[in-house]
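The values are calculated or read from the model by the stated rules, or taken from the named source; none is laboratory data. For clarity, every value in this text was computed on a predicted model and none was experimentally measured. All Cβ positions, even for glycine, are placed from backbone atoms using ideal geometry, and neighbour counts span all protein chains on display. We work out accessible area using only protein heavy atoms, side chains counted, and drop any ligands, DNA or RNA first. Shrake-Rupley method; radii C 1.70, N 1.55, O 1.52, S 1.80 Å.
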Amino acid sequence: MAGVVERRSIDVVPDDERHGSAVSQFTLWLGANLQITAVITGALAVVFGANAFWSLVGLLLGNLLGGAVMALHSAQGPRLGLPQMITSRAQFGVRGAVVPLALVIVMYIGFFASGSVLAGQAVGELTHLGETPGIVLFAAVTALAAAVGYRLIHTLGKIAGLVCALTFVYLGIRLAQHADLGALLADHRFGLPVFLLAVSLSASWQLAFGPYVADYSRYLPRHTSARATFWWTLSGSVLGSQWSMTFGALAAAAAPTAFVGHEVGYVVGLGGTGLIASFLFFVIALGKLTINILNTYGGFMSLVTSVSGFRGQRTLTPRGRSAYIAGIMVAGTAVALLGKDSFLTSFKDFLLFLLAFFTPWSAINLVDYYLISKERYDIPALSDPTGRYGAWNVRALTVYALGVLVQLPFLATHFYTGPLVARLGGADVSWLVGLAVPAVGYWLAARRDTARIPDAAADDGRRAPAGSGG
C-alpha cells in the first residue's frame, strides 16, 4: 500500500516521483464527465426553454470555450509540479489566496452534495436501503477513495471512462428506439437568451474544473509537452461532457414529464429491467464516484493550502489528511441531505452563480502565468509570506473583486437577476464579462511589477525540499 497511498499534498512533486504521459488526462476527464450530473446539465438547457437543436449547439460552444480555459490550467501541472490553487499565491499573495480558495471550497462542497444526491438515488436502489442511506454510504466510499489519492483517482478514471462510454452508447441506442430524434432536431427556431443559457451552463461546467485540474497533471514528468497536456485534457473533457449533455438534452426534449425530476429512474428505465437495471444503477454510482473523488480531493488540497498560508504548514500526517477529507465529506453530505428535494432548480442556480466567482480567478491566474510571469514562478516563495509574493496582493484582490462585481448587472439566477438582463432578452452573459474585464485589469495592474518575476534559475521546482511529504 505504501506505493499506492499518496504521501504528498501541496508540496512540489520532485522529478524522481513523476510518471505517466499526457494521454492520462484524456482518460481521467473523459471518465469524469460521462456521468449523470452532466446529463442533467444538458437537460437544463431544454427544461428552461431551448429546443434540442440549438441546445446542442450552445452546449458544444460552451464546452469548447470553457474547456479551453480549463485545459490551459491543466498545462501548468507538469511545469510546476504543484496543485492548482497554491499557484494563486503568486497572484494574490501567500495569505491573500485564501479569498478565492474559500469560494473554491464552497464549490467542492456543492458539487460533492449535488453528485451525492444523484448517486445516492442509484446506491439506494441498488442496495434497497433507500435514498438517504444511499447518500451516506456513497459519501463514505468517496472519502475513503480520496484518502488513497492520485494513483487510484487516475485508475478509476480509466475504468469509469471505458464502462461509462459503453453504457452511454447503449443508452443512446435505446433513446433512439424510443424517440423520434429526427423530429426533435428538426425545430431550428432560435432564441438568443435560451441559447446563451445553454452556452453558460456548459461553460460553467468546464470552468468549475479550473481550480483543481492541475492537481491531476502535476505528477507528469517536467518535460511533458504543455501542448499535449492541453489537447488531451481538452479533448477528454469536451468529448465526455458533450456526450453526456447531448443525451440529457435529447432525453428532456423527448420525455420532459418522465425525465425531469426523475432523472436516475428515467435513465435506468430506458435501459431495461432486472440485471440491466442493476448494472445501470451501478454505472451511475461509478460515474459519480469518479467526479466526487475529484471534488473531495480538490477540497482537501484547498483546505490545506488555506491553512498553510497562515500556519506555514508544509507536511501532513496521515491522521491530518484523513481529518481534512472527513470534513469535506461531512459538509457535502449535510448539504446533500438538506437540498435533495429541490435539486434541479438549486443546481442550475448553483452552476450559474459559480461563474461569477471563478471566471475572474481563471482570468487572473492565466494572464499572470502565461503573459506576466511567462510560466516562471519562484516555488519556495509561494510558502513565504515575507518573500517575493508577499502576504496580501491588494492590487490583484481589487481586480478580482471588480471582476466579480462587474458581472452582477448581467447575472440571471433564481435568487438574483441583474438590471441589464432584461435589456438582453433575459440572456446571461456575465461569464464573458467576468473573463474579459479582470484579464485586462490584471494585465494593466501587474505588467510592470517585475520584482514578482523570478529569473530562470529561481523558478525551478527542484529547489523545494524534495523530502517534504504531504
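Table for the structure above
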{"item": "With Cα atoms, 0 to 90° folded angle of helix 394-405 axis to the chain main axis", "result": "10 degrees"}
{"item": "Relative contact order (percent, whole number), segment 1-157, Cα cutoff 8 Å, 6+ residue spacing", "result": "34 percent"}
{"item": "Listed peptides 364-375, 410-421 by packing density, highest first (mean Cβ within 10 Å)", "result": "364-375, 410-421"}
{"item": "Most to least packed among 10-21, 31-42 [average Cβ atoms within 10 Å]", "result": "31-42, 10-21"}
{"item": "FRET E, pair Ala422, His128, Förster distance 45 Å, beta-carbon r, rounded to 0.05", "result": "0.35"}
{"item": "Cleavage-rule hits (chymotrypsin sites (Phe, Trp or Tyr not before Pro)) in segment 107-208: DSSP loop, at most 14 neighbouring Cβ within 10 angstrom", "result": "Phe190"}
{"item": "In degrees, nearest ten, helix 131-148 long axis to first principal axis of the chain (Cα)", "result": "30 degrees"}
{"item": "Between helix 430-446 and the chain: long-axis angle, C-alpha atoms, 0 to 90°, nearest 10", "result": "10 degrees"}
{"item": "Surface share of carbon and sulfur [accessible, 1.4 angstrom probe, percent] for the chain", "result": "69 percent"}
{"item": "Sequence ranges 327-338, 270-281, ranked by mean other-Cβ count within 10 angstrom, highest first", "result": "327-338, 270-281"}
{"item": "Computed [θ] at 222 nm, helices only, for the chain once each DSSP H run of length n ≥ 4 contributes -39500 (n - 2.57)", "result": "-22000 deg cm²/dmol"}
{"item": "Given (1) 21.5, 66; (2) 21.8, 75; (3) 23.8, 78, the label whose value is Rg and Dmax of the Cα atoms in Å derived from this model", "result": "(1)"}
